[in-house]
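Each remark here refers to the structure printed beneath this line.
The values are calculated or read from the model by the stated rules, or taken from the named source; none is laboratory data. Just so it is clear, the model here is predicted, and its values are computed rather than measured. Using ideal geometry, Cβ is built from the backbone for each residue, glycine included, and neighbour counts are taken over all protein chains shown.
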Amino acid sequence: MCDRVRAPARGALIATPQSRSSAELVEANRRFYDALWTDARLIPPERFNTWPLARSLAAAAPRRLEVAPGLRPRLPLDGTQFADVSAPALAKLRACGASAVFGPITELPFADGAFDLVCALDIVEHVDDDERALSELARVSAAGAALLETRRPDLLYLSTSDYVQHKHAPGTPEANAFCAMLDRYLSRIDALGAVIALTADHGMSAKTDAAGRPQVVYLAGLIDGARVILPITDPYVVHHGALGSYATIYLPHGADPHAAAARIARERGVALVLHASEACDMFELPRDRVGDLVVISDADFVLGTAPELHDLSGLDAPLRSHGGLSEQTVPLIVNRPLALEAGRRFRNFDAFDLALNCVEESG
Ligand SMILES: [Zn+2]
């Protein structure tokens with residue numbers, strides 16, 4: 001419930017009270033840093049122990065961005081673009097010859113893929129919406145294509161977060177913009193001659209009723225003493241309130257698993273209740289990480305523990321989530337003809353085998 005409290009770093013600045021909004025946090029940050037930087041001098045990047053690394057990375061990256069440097073920039077002042085929200089810091093950076101513009105990390109004023117190297121130090125922990133911040137950093141960096149252009153590695157594994165997919169349904173302007181951005185990166189990588197295998201962890205479904213309210217089956221209250229484990233329980237409540245479509249349940253000692261399964265199966269929104277052995281066979285799960293029962297929800301429902309254990313306050317868009325059979329089918333795309341054995345069944349992790357072993361030799 002209190003995962004929005006971030007550990008303060010570099011000066012006791014913010015123990016974020018839960019009640020503070022993102023806008024208030026930005027304002028508090030700006031007030032603190034404006035005062036700090038007004039009375040401070042710029043310390044050049046050569047003075048920090050990050051310099052050997054920063055210098056070598058910068059040498060290979062002609063288009064560089066450092067976000068929120070304040071007066072402690074780590075990349076070379078010459079040739080790097082800086083973005084910060086503090087006016088005194090921006091003025092002093094410019095006075096030292098740096099190119100510095102106003103720009104919050106959650107809304108960077110740069111085009112997709114504009115930079116080969118992006119650096120943000122001591123900043124993400126000060127931001128309320130850290131996923132948005134990381135998504136922005138990824139958006140403006142062309143890391144994959146730039147690495148391919150400068151270093152020619154044999155293998156690159158590139159991944160995105162699923163923030164956009166959680167927040168925006170397919171076909172909306174935001175989702176289309178995200179896909180167009182991926183297309184641009186991929187076509188650049190394709191043009192460089194790389195074999196590309198493209199796939200996904202999982203699909204995504206709207207988990208709401210017609211009015212846009214989340215549809216949740218809370219499992220803990222259904223069976224006395226049951227321990228409900230939700231694999232989606234992670235700090236990113238902004239994405240999904242820790243609500244997904246898969247749960248496993250440890251029953252109390254002596255409980256009848258058949259009676260418990262029958263009780264849960266009666267709930268509206270439950271698609272499937274399986275005994276552990278059945279679930280492990282069906283989904284190739286490791287038995288030591290599965291409880292007595294496995295529950296999967298319908299496409300438009302999610303599973304929760306108990307209402308008081310789910311913080312839905314971070315959900316600023318209708319709930320979209322994953323984890324069920326309804327999100328099991330994903331694309332698996334390779335940009336080359338493949339030599340494949342007949343009747344082969346594909347899973348997403350086959351992306352590696354397809355790209356490395358199955359591409360048809362041309363000519
Ligand atoms: Zn997710």
Next on the checklist: Give all pairs with beta carbons closer than 9 Å in which a residue from segment 31-57 that is touching a residue at least 60 places away in the same chain (Cβ under 8 Å) meets a residue that is surrounded by fewer than 16 Cβ atoms within 10 Å (Cβ to Cβ) and not small (Gly, Ala, Ser); count only pairs at least 6 apart in sequence or on separate chains.
Outcome noted: 54/48
Checklist outcome for this item: Taking first residues from segment 129-140 that are at positive phi and second residues anywhere that are surrounded by 20 or more Cβ atoms within 10 Å (Cβ to Cβ) and acidic (Asp, Glu), the pairs with Cβ under 9 Å that are 6 or more apart or on different chains are none
Checklist entry - Name the residues in segment 35-77 that are surrounded by 15 or more Cβ atoms within 10 Å (Cβ to Cβ) and in a helix (DSSP H, G or I), would you? => result 36, 37, 45, 51, 54, 57, 58
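Name the residue, out of 107, 131, 136, that is closer than 24 Å to residue 23 by Cα, away from the ligand (no atom under 16 Å from the Cβ) and outside any loop (DSSP other than H, G, I, E, B).
Values: 107 fails: outside any loop (DSSP other than H, G, I, E, B); 131 fails: away from the ligand (no atom under 16 Å from the Cβ).
Among 107, 131, 136, only 136 is closer than 24 Å to residue 23 by Cα, away from the ligand (no atom under 16 Å from the Cβ) and outside any loop (DSSP other than H, G, I, E, B).
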Checklist entry - Here is a list of conditions, (1) in a loop (DSSP other than H, G, I, E, B); (2) within 24 Å of the chain's Cα centre (by Cα); (3) in the same structural domain as residue 252 (by TED's automatic domain parsing), and residue 296 meets all of them except one; can you say which number that is? => result (1)
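Going through segment 325-341 one residue at a time, which ones are of a type in the set (D, E, K, R) and either surrounded by 15 or more Cβ atoms within 10 Å (Cβ to Cβ) or touching an Asp or Glu at 6+ places or on another chain (Cβ under 8 Å) (or both)?
Going through segment 325-341, the residues of a type in the set (D, E, K, R) turn out to be 327, 336, 341.
If the condition is that a residue be of a type in the set (D, E, K, R) and either surrounded by 15 or more Cβ atoms within 10 Å (Cβ to Cβ) or touching an Asp or Glu at 6+ places or on another chain (Cβ under 8 Å) (or both), then 327, 336 are the ones that fit.
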Checklist entry - Of all the residues that make up segment 96-119, how many are surrounded by fewer than 20 Cβ atoms within 10 Å (Cβ to Cβ), touching a Leu at 6+ places or on another chain (Cβ under 9 Å) and in contact (Cβ under 8 Å) with a residue 40 or more places away in the chain? => result 3
Checklist entry - Can you spot a residue in segment 260-275 that is more than 16 Å from the ligand (Cβ to nearest atom), under 29 Å from the mean Cα position of the chain (by Cα) and not aliphatic (A, V, I, L, M)? => result yes
Checklist entry - In segment 231-248, what residues are closer than 12 Å to residue 324 by Cα and at pLDDT below 95? => result 231, 232, 243, 244
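If you scan segment 156-187, which residues turn out to be in contact with a helix residue (DSSP H, G or I) (Cβ under 8 Å, 6 or more places away or on another chain) and without any contact (Cβ under 8 Å) to a residue 60 or more places away in the chain? Full working, then the answer.
The first filter runs over segment 156-187 and keeps only residues in contact with a helix residue (DSSP H, G or I) (Cβ under 8 Å, 6 or more places away or on another chain), leaving 156, 158, 160-169, 174-175, 178, 181, 185.
Correct list: 156, 158, 160, 161, 164, 174, 175, 178.
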Checklist entry - Can you name the residue in segment 217-230 that is hydrophobic (A, V, I, L, M, F, W, C) and away from the ligand (no atom under 16 Å from the Cβ) and is also surrounded by the fewest Cβ atoms within 10 Å (Cβ to Cβ) among such residues? => result 229
Next on the checklist: If I filter segment 168-206 down to residues being more than 21 Å from residue 349 (Cα to Cα) and either touching an Asp or Glu at 6+ places or on another chain (Cβ under 7 Å) or in the same structural domain as residue 283 (by TED's automatic domain parsing) (or both), which single residue comes out as farthest from the ligand (Cβ to nearest atom)?
Outcome noted: 192
